[in-house]
Amino acid sequence: MYSSLILIPFFSVIVLNLPFRTLMKKSAFWVCIALSLIQIFAVLFSPTGSLGNLTEMFFSFLRVDLWIDNLSRIMLLCIGIVLFTAAWVQKELSKDEERQFNFMNVLLLLLAGLNGIVLVRDIFSLYVFLEITAVSSFILIGFNKERDAFEAAFKYIILSVIATALMLTSIGLLLMIAGDTSFATISATLKTSPDKLLAMFAVAIFLCAAFIKGGVMPFHGWLPDAYSASPASVSVILAGVVTKTVGVYTLIRIVYSVFGYSPALTLILLIVGTLSVVLGALAALGQSDFKRMLAYSSISQVGYIVLGLATGSMLGLAGAVFHLFNHSIFKSLLFVNSAAVESSTGTRNMDNLAGLAKKMPVTGTTSILASLSCAGIPPLAGFWSKLLIIVALWMGKFYAFAIIAALASILTLAYFLSLQRRVFFGKLREDLAHIKESGFGFLLSMTILALITIGAGLGFPFILNSFLLPVKTISGG
Amino acid sequence: MSGEITHIFWSFGLFIVMLFVIGLYCVLMTYNLVRALIGLEILIKGVTLLIIVAGYVSGHIALAQSLVITLIVIEVVVMTVAVGIVFGIRHYNESLDTRAIEKLKG
């Protein structure tokens with residue numbers, strides 16, 4: 001049934017465009033919403049993996065080799081939620097029917113690509129879906145045909161293609177060593193490989209590619225530009241799911257299920273993670289553009305996920321996956337907030353804003369919740385995932401890294417307090433006296449995301465036992 | 001690996017490395033947007049050759065061929081979008097010089 005999550009978006013693009021294009025124009029948005037809702041419900045209410053025998057029979061002849069475990073399930077959930085909110089934000093931002101129709105079509109392609117990445121278990125199919133996602137995101141970044149957006153998209157293309165070339169080189173070498181491209185065969189071959197040096201080289205360049213795609217600190221060049229220059233709804237998707245699925249999920253999946261841990265790999269992950277956590281937070285402190293600060297904050301939070309993955313323990317992995325989920329939710333929420341502020345006031349420069357909390361109560365409140373969750377204040381969801389990661393680092397005897405990770409939380413709090421003070425608190429500027437709270441689409445998505453953040457924090461014991469610890473069911477093939 | 005296959009691997013390996021170096025040099029040294037894309041193409045061509053050789057050496061040439069055909073199709077799609085973006089940049093800058101792209105920093 002899960003292959004239908006890839007196929008239905010593709011079919012809907014065809015159906016929307018081919019026969020009745022003019023008639024279908026209005027319905028594109030609702031198709032998008034419906035598909036994301038179907039995805040959320042399919043994940044939440046069919047943990048055993050049987051939605052209905054009818055669809056299963058219908059799609060069985062098209063079956064790609066897919067697998068599903070709790071990690072995939074959590075990613076599918078994130079993708080559904082974030083696409084739902086992004087579609088609402090886009091509906092609010094653009095009233096032009098034609099442009100909205102085009103946007104929703106690309107969004108559906110992106111959905112198919114993201115679901116594909118999460119579901120495949122073959123390293124070459126992984127590459128195919130990575131490229132589908134990447135191409136859709138290039139188009140989406142440049143969607144408004146603005147000068148900055150083109151510039152950001154070009155930077156992203158160059159780095160993404162280089163990452164792809166590295167990844168393909170790795171695939172080629174693995175094909176030579178293992179004779180096949182499925183995760184299971186590669187994993188089995190790497191355990192008993194005679195060509196140790198070649199295998200290590202392949203693993204190293206694959207890691208580099210995943211780091212570039214995920215925008216981790218030494219490889220982050222394209223990320224702040226792409227996040228800040230793209231249209232508001234696209235920033236939500238990019239920060240919420242695209243880099244997380246393309247970079248971080250791939251990293252977790254490949255390291256955990258295919259390559260396996262070795263001391264050198266652990267060290268690389270620890271160093272890269274720590275660099276991202278600290279330097280991302282320091283760079284965020286110096287920004288005055290709302291979205292650019294969030295982008296650097298995103299780099300810093302991805303560092304935590306990499307640190308959790310580096311421990312290699314059950315606890316660390318559960319923390320990493322939970323932080324991945326939380327980060328998708330609260331960073332999308334913050335980007336929706338920035339979109340609301342930008343659409344109301346017309347600027348993203350935080351020095352020109354002040355005291356918006358009085359005029360935009362929902363935006364102000366939800367952004368405080370998201371910031372506190374991101375900074376790791378109990379009982380919000382971000383606290384629990386950071387706690388899991390730091391405890392796992394400590395138990396894995398990486399004391400120095402645990403201390404740095406804990407101290408970097410203070411930096412996170414520092415830049416978010418600075419953001420809140422400059423945008424939402426203080427005295428309202430006179431030229432902003434006329435602004436109103438943003439529209440329904442914004443309010444809906446902000447409320448939903450904020451409720452999820454609070455709910456995941458309060459219901460943490462339940463989530464830990466039912467969703468996160470079963471992450472250990474990730475199998476080695 | 002038998003003698004002949006080792007020989008093939010290393011002689012093709014030389015070409016693959018050369019294509020890689022030429023492609024990377026082109027991307028890093030040029031100030032022209034289109035030339036940067038050409039450099040990327042050369043880079044990907046090196047990888048394509050590597051996959052073919054990998055398939056031959058490991059005895060899975062059919063698998064490698066299907067992978068390479070998929071790869072070529074996808075790469076063309078990526079390059080089409082990239083050229084579209086370059087068109088957009090040229091519309092604003094009236095030139096293809098990368099040094100004119102400097103608005104996003106810091």
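The values are calculated or read from the model by the stated rules, or taken from the named source; none is laboratory data. Since the structure is predicted, the reported quantities are computational estimates derived from the model, not experimental observations. Positions of Cβ are backbone-derived with ideal geometry, glycine not excepted, and every protein chain shown enters the neighbour counts. Surface areas here come from the heavy atoms of the whole protein model, side chains and all, with no ligands, DNA or RNA. Shrake-Rupley method; radii C 1.70, N 1.55, O 1.52, S 1.80 Å.
The set of residues in the stretch B:31-50 being away from chain A (no Cβ under 11 Å) and either surrounded by 13 or more Cβ atoms within 10 Å (Cβ to Cβ) or touching a Cys at 6+ places or on another chain (Cβ under 8 Å) (or both) consists of B:ASN32, B:VAL34, B:ARG35, B:ILE38.
Applying the criterion of being in contact with a helix residue (DSSP H, G or I) (Cβ under 8 Å, 6 or more places away or on another chain) and in a loop (DSSP other than H, G, I, E, B) to the residues of the stretch A:250-286, the residue that is least open to solvent (accessible area, probe 1.4 Å) is A:GLY260. Looking only at residues in the stretch A:2-42 that are aromatic (Phe, Trp, Tyr) and in a helix (DSSP H, G or I), the one that is least open to solvent (accessible area, probe 1.4 Å) is A:PHE29.
Out of curiosity, is A:SER373 in a helix (DSSP H, G or I), at pLDDT 85 or above, small (Gly, Ala, Ser) and buried (at least 18 other Cβ atoms within 10 Å of the Cβ)? Talk me through it step by step, then tell me what you get.
Numbers: in a helix (DSSP H, G or I): yes; at pLDDT 85 or above: yes; small (Gly, Ala, Ser): yes; buried (at least 18 other Cβ atoms within 10 Å of the Cβ): yes.
In short, yes.
Across the stretch A:420-439, the number of residues qualifying as of a type in the set (Val, Ile, Thr) and modelled with pLDDT of 80 or more comes to 1. Consider the stretch B:14-30 and keep the residues that are open to solvent by 20 Å² or more (accessible area, probe 1.4 Å) and farther than 21 Å from B:VAL83 by Cα. The one that is nearest to the other protein chains (Cβ to nearest Cβ) is B:PHE20.
When the criteria are applied in full, A:MET395 meets the requirement of being open to solvent by 10 Å² or more (accessible area, probe 1.4 Å), more than 19 Å from A:VAL278 (Cβ to Cβ) and either of a type outside the set (D, E, K, R) or within 23 Å of the chain's Cα centre (by Cα) (or both).
Quick check on this structure: which one of A:ALA339, A:ALA318 is more than 17 Å from A:GLY364 (Cα to Cα) and at pLDDT below 90? Working first, answer last.
Details: A:ALA339 fails: more than 17 Å from A:GLY364 (Cα to Cα).
Just one listed residue meets the conditions, A:ALA318.
Being touching a Cys at 6+ places or on another chain (Cβ under 7 Å) and open to solvent by 10 Å² or more (accessible area, probe 1.4 Å): is that true of A:PHE325 here? Spelling it out, A:PHE325 is indeed touching a Cys at 6+ places or on another chain (Cβ under 7 Å) and open to solvent by 10 Å² or more (accessible area, probe 1.4 Å).
Restricting attention to the stretch A:161-170, the residues that are facing another protein chain (nearest Cβ under 8 Å) and either farther than 24 Å from B:PHE15 by Cα or under 22 Å from the mean Cα position of the chain (by Cα) (or both) total 3.
Of a type in the set (Lys, Arg), open to solvent by 30 Å² or more (accessible area, probe 1.4 Å) and assigned to a helix (DSSP H, G or I) - does that describe any residue in the stretch A:336-358? Steps first, answer last, please.
The initial filter retains those residues of the stretch A:336-358 that are of a type in the set (Lys, Arg), namely A:348, A:358.
Applying the additional criterion that residues be open to solvent by 30 Å² or more (accessible area, probe 1.4 Å) yields A:348, A:358.
If we keep only those that are assigned to a helix (DSSP H, G or I) as well, we get A:358.
Yes, the conditions are met somewhere in the stretch A:336-358.
Taken as a whole, the condition of being within 15 Å of A:SER137 (Cβ to Cβ), assigned to a helix (DSSP H, G or I) and at pLDDT 85 or above applies to A:VAL241.
In the stretch A:171-204, the qualifying residues are those that are in contact with a Leu (Cβ under 7 Å, 6 or more places away or on another chain) and within 11 Å of chain B (Cβ to nearest Cβ), and the one that is surrounded by the fewest Cβ atoms within 10 Å (Cβ to Cβ) is A:LEU198.
Taking the condition over 27 Å from the mean Cα position of the chain (by Cα), small (Gly, Ala, Ser) and open to solvent by 40 Å² or more (accessible area, probe 1.4 Å), does A:ALA400 pass?
Details: over 27 Å from the mean Cα position of the chain (by Cα): yes; small (Gly, Ala, Ser): yes; open to solvent by 40 Å² or more (accessible area, probe 1.4 Å): yes.
Here the answer is yes, as A:ALA400 does meet what is asked.
Taken together, the criteria place A:PHE129 among residues that are aromatic (Phe, Trp, Tyr) and open to solvent by 10 Å² or more (accessible area, probe 1.4 Å). Quick check on A:SER262: is it away from chain B (no Cβ under 14 Å) and either acidic (Asp, Glu) or without any contact (Cβ under 8 Å) to a residue 12 or more places away in the chain (or both)? So A:SER262 fits the description; yes.
Does A:PHE129 satisfy the condition of being assigned to a helix (DSSP H, G or I) and at the interface with another protein chain (Cβ under 9 Å from one of its Cβ atoms)? Before the answer, list the steps.
Values: assigned to a helix (DSSP H, G or I): yes; at the interface with another protein chain (Cβ under 9 Å from one of its Cβ atoms): no.
Considered against the rule, which asks whether it is assigned to a helix (DSSP H, G or I) and at the interface with another protein chain (Cβ under 9 Å from one of its Cβ atoms), A:PHE129 comes out as no.
Scanning the stretch A:139-155 for residues that are more than 7 Å from chain B (Cβ to nearest Cβ) and either in a loop (DSSP other than H, G, I, E, B) or open to solvent by 10 Å² or more (accessible area, probe 1.4 Å) (or both) yields A:PHE143, A:ASN144, A:GLU146, A:LYS155. Of the residues making up the stretch A:430-470, those that are loosely packed, with under 14 Cβ neighbours inside 10 Å and over 25 Å from the mean Cα position of the chain (by Cα) are A:GLU430, A:ASP431, A:ALA433, A:HIS434, A:LYS436.
Consider the stretch A:223-238. How many of its residues are in a loop (DSSP other than H, G, I, E, B) and buried (at least 24 other Cβ atoms within 10 Å of the Cβ)? Total satisfying the criteria: 1. Being surrounded by fewer than 23 Cβ atoms within 10 Å (Cβ to Cβ), within 9 Å of chain A (Cβ to nearest Cβ) and free of Cβ contacts under 8 Å to residues at least 12 places away in the same chain holds for only one residue in B:ILE69, B:ILE85, B:ILE74, and it is B:ILE74. Selection within the stretch A:205-220: residues that are open to solvent by less than 10 Å² (accessible area, probe 1.4 Å) and part of a loop (DSSP other than H, G, I, E, B). The member of this set that is nearest to A:TYR304 (Cα to Cα) is A:VAL216.
Considering (1) over 25 Å from A:SER137 (Cβ atoms); (2) at the interface with another protein chain (Cβ under 10 Å from one of its Cβ atoms), the lone condition that B:ARG90 does not fulfil carries the number (1).
Could you list all residues from the stretch A:90-123 that are closer than 30 Å to A:VAL203 by Cα and open to solvent by 10 Å² or more (accessible area, probe 1.4 Å)? Can you show your working first?
Within the stretch A:90-123, the first condition is being closer than 30 Å to A:VAL203 by Cα, and the residues that meet it are A:109-123.
The answer is A:LEU109, A:ARG121, A:ASP122.
Criterion first (open to solvent by 30 Å² or more (accessible area, probe 1.4 Å), in contact with a Gly (Cβ under 7 Å, 6 or more places away or on another chain), over 30 Å from A:LYS145 (Cα atoms) and at pLDDT 90 or above) does B:LEU63 satisfy it? Before you say what the answer is, go through the steps one by one.
Details: open to solvent by 30 Å² or more (accessible area, probe 1.4 Å): yes; in contact with a Gly (Cβ under 7 Å, 6 or more places away or on another chain): yes; over 30 Å from A:LYS145 (Cα atoms): yes; at pLDDT 90 or above: no.
Spelling it out, it is not the case that B:LEU63 is open to solvent by 30 Å² or more (accessible area, probe 1.4 Å), in contact with a Gly (Cβ under 7 Å, 6 or more places away or on another chain), over 30 Å from A:LYS145 (Cα atoms) and at pLDDT 90 or above.
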